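The values are calculated or read from the model by the stated rules, or taken from the named source; none is laboratory data. Model, not experiment: these values are computed from the prediction. Using ideal geometry, Cβ is built from the backbone for each residue, glycine included, and neighbour counts are taken over all protein chains shown.
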Amino acid sequence: MDPEVSLNVAAKMAGKTTTAVRRWASQGLIKARKNKRGRWEIETQSLREHLATSVSIHVGETSGNRQEPDLQSEYIRSLQSSLDRERKKVDDLSENNKRLQNEILKLTHEIKAILSKDNRGLLSRWIKSS
């Protein structure tokens, strides 16, 4: 399980009230559990995922004098990195596609040249029957 934070810390990280975060936990929108003292402990990865998919995101919330981890920015960086990798894959596939299309064109010309030299039509009859 990912690291957990208290309800208060989770609320500050999300830029929401503790009531809102408690409601998310009760509704199963985020992974959370009550500890032995009966206090909520919120799974940070689940909170990140919920915040990334929710409509209203408050980026860079702070708590007192110390900066809470900026989960939204971290998640956005992760998504940007994934997007960059996917774009590279698309570029590679596009290049491979162009190469294969050129190879098909080259082979098509070769086949046409071979068939045009086949005076008796043996190859063209063989190809049609295959």
- Note on the structure: Inside the stretch 1-27, the number of residues satisfying the requirement of being under 16 Å from GLU49 (Cα atoms) and outside any helix (DSSP H, G or I) is 7
- Message: Restricting to the stretch 34-56, name every residue that is without any contact (Cβ under 8 Å) to a residue 24 or more places away in the chain and not small (Gly, Ala, Ser).
- Response: LYS34, ASN35, LYS36, ARG37, THR53, VAL55
- Message: For the stretch 18-58, give me each residue that is of a type in the set (D, E, K, R), surrounded by 12 or more Cβ atoms within 10 Å (Cβ to Cβ) and within 15 Å of LEU7 (Cβ to Cβ).
- Response: ARG22, ARG23, LYS31, ARG33, GLU41, GLU43
- Query: Where in the stretch 30-130 are the helices (runs of 4 or more DSSP H), entirely inside, with at least 3 residues that are modelled with pLDDT of 70 or more and outside the structural domain of THR19 (by TED's automatic domain parsing)?
  - Reply: 71-117
- Item | Residues located in the stretch 7-20, provided they are at pLDDT 90 or above and within 16 Å of GLN45 (Cβ to Cβ) | VAL9, ALA10
